[in-house]
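Visitor: Following this message is one structure expressed as structure tokens.
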Amino acid sequence: MIYLKTDEEIEFMRVSNDIVARTLAEVGKRIRPGITTLQLDKIAESFIRDNGAVPSFFGYNGYPNSICTSVNDQVVHGIPSAYALKEGDVISVDCGAEKNGFHGDSCYTFCVGEVSDDVRQLLRTTKESLYVGIELAVAGKRLGDVGCAVQSYCENRGYSVVREMTGHGIGRSMHEEPRIPNFGKKGFGSKLKVGMVIAIEPMVNLGKQDIYIEDDGWTTRTSDNKISAHYEHTVAIRAGQADILSSFKYIDEFLENNEK
Ligand code: MF3
Ligand code: CO
């Protein structure tokens, strides 16, 4: 069952996603060598609650924290821990928040200090592939159009796209139908309709596409232990142009300041 959203419901989702966007920036500002992923989790949880929202991930299928912190070869669902970040790491921070009954969901991969050019290039391509997918997330296009665009953008640049994990519909539940794969065939798959709200989230590997899940039941890693990147936006489907409900603007603001 796909739940189409009214304009009013989409505005509620914009509010939840704005909290997520600002949470990611709060966390991002504190990322540096020495900080633990559990400290980042506490920053996120306080910020979400201070804004009158509830962390969507906390307790979801027994998930123990408010964000996922996936470092280096961890693809997704890294559990915050006493691990202290070190120079050259990359960390994807995935965050969800619920307010007024609606969820927001977004993810950004940050660098810890200076990272190698190879890794920087992987991050850039993965982020760009998200926007390439979003470009096609408009009424009348098909899920295969979106997936194919993301996949070919990444594969043409020598990277591989994870198959087992996908994006998803989102609304009153964090995960709703349909699944949004980051691969596919142009012209195939279900048609996107006005009022659908979906999370698009490419997970892209420097090496091979294969992944495995650790014994904790969550932490997902690349099988070749090479670096993986992950970016996610929540997007409302409209006629003509996608409406991106989450945002990286707060992150871009402080990343720019950092470079000055
Ligand atoms: N944000 C993830 C997604 O995009 C879900 C995290 S799983 C959780 O689907 F258990 F941590 F919530
Ligand atoms: Co998601």
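Visitor: So if we plug the beta-carbon distance of Leu38 and Arg124 into 1/(1 + (r/R0)^6) with R0 = 25 Å, what FRET efficiency do we get, rounded to 0.05?
Guide: Here the calculated transfer efficiency is 0.30.
Visitor: OK, next. Helix-derived [θ] at 222 nm for the chain: sum -39500 (n - 2.57) over DSSP H runs of at least 4, divide by residue count, nearest 500?
Guide: Result for the chain, helices only: -10500 deg cm²/dmol.
Visitor: Within a Cβ distance under 9 Å of Gly104, other residues only, what is the Lys/Arg minus Asp/Glu net charge?
Guide: Result for the neighbourhood of Gly104: -1.
Visitor: Then there's this: Arrange Thr126, Thr6 by Cβ neighbour counts within 10 Å, fewest through most, would you? Numbers along the way, then the final one.
Guide: Working: Thr126 28, Thr6 9.
Listing Thr126, Thr6 from fewest to most nearby Cβ atoms yields Thr6, Thr126.
Visitor: Quick one: which of Lys5/Lys208; Lys29/Lys127; Lys42/Lys127; Lys191/Lys226; Lys42/Lys141; Lys99/Lys127 span more than 29 angstrom between C-alpha atoms?
Guide: Those over the limit are Lys5/Lys208; Lys191/Lys226; Lys42/Lys141.
Visitor: Now for a separate question. What number comes out for the charge environment of Gly184, summing +1 per Lys or Arg and -1 per Asp or Glu over other residues with Cβ under 9 Å away?
Guide: Net of charged neighbours comes to +2.
Visitor: Which peptide among 15-24, 215-224, 245-254 comes first, and what is the full order, when sorted by highest mean count of other Cβ atoms within 10 Å?
Guide: The packing order, highest mean first, is 15-24, 245-254, 215-224.
Visitor: Further question on the same structure: For the chain, give the magnitude of the charge dipole about the Cα centre (Cβ charges: +1 Lys/Arg, -1 Asp/Glu; no others), in debye to the nearest 20.
Guide: The calculation lands at about 540 debye.
Visitor: Tell me the net charge near His230. Cut-off is 15 Å between Cβ atoms, His230 excluded, with +1 for each Lys or Arg and -1 for each Asp or Glu.
Guide: Local net charge: -3.
Visitor: Another question, if that's okay. Which whole-number percentage describes the relative contact order of the chain, with Cα contacts under 8 Å and a sequence gap of 6 or more?
Guide: Numbers: 672 pairs, mean separation 60.1, N = 260.
Relative CO of the chain lands at 23 percent.
Visitor: Would you work out which of Asn65, Leu206, Asn182 lies farthest towards the positive end of the dipole of the chain? Charges go on Cβ: Lys and Arg +1, Asp and Glu -1.
Guide: Asn182
Visitor: I would also like to ask the following. So how do 74-81, 204-211 stack up, highest first, on mean other-Cβ count within 10 Å?
Guide: Top to bottom by mean Cβ count within 10 Å: 74-81, 204-211.
Visitor: Continuing with this model, one more query. Given the C-alpha centroids of the stretch 54-83 and the stretch 238-260, what is the distance between them in whole angstrom?
Guide: Rounded to whole Å, the Cα centres lie 23 Å apart.
Visitor: Kirkwood hydrodynamic radius of the chain from all distinct Cα pairs, in Å?
Guide: It works out to 18.0 Å.
Visitor: If you don't mind, there's one more thing I want to ask. Once phi is turned into ³J(HN,Hα) by the Karplus curve 6.51 cos²θ - 1.76 cosθ + 1.60 with θ = phi - 60°, what whole-Hz value does each residue of the stretch 62-72 show in order, with x for glycine and proline?
Guide: For the stretch 62-72, the Karplus curve yields x, 5, x, 9, 9, 9, 9, 10, 10, 9, 6 Hz.
Visitor: Given +1 on the Cβ of Lys and Arg, -1 on the Cβ of Asp and Glu, and no further charges, what dipole in debye does the stretch 68-143 carry about its Cα centre, rounded to the nearest 20?
Guide: 340 debye
Visitor: I would also like to ask the following. Give the shape of the stretch 1-111 as rounded, prolate or oblate, defined through the alpha-carbon gyration tensor: a ≥ b ≥ c are the square roots of its eigenvalues, a/c under 1.5 means rounded, and otherwise the shape is prolate if a/b is larger than b/c and oblate if not.
Guide: Because a/c hits 1.5 or more and a/b exceeds b/c, the stretch 1-111 counts as prolate.
Visitor: If contacts are Cα pairs under 8 angstrom and at least 6 residues apart, what is the relative contact order of the stretch 1-85 in percent?
Guide: 29 percent
Visitor: Put a dot 7 Å past each Cα toward the Cβ at Asn100 and Glu8; how far apart are the dots in nm?
Guide: So the two model labels end up 1.0 nm from each other.
Rule-based calculations on the coordinates, nothing more; no lab input. Because the structure is predicted, anything quoted here is derived from the model rather than measured. Don't worry about glycine lacking a Cβ; one is built from the backbone with ideal geometry, like all the others, and counts go over all protein chains shown.
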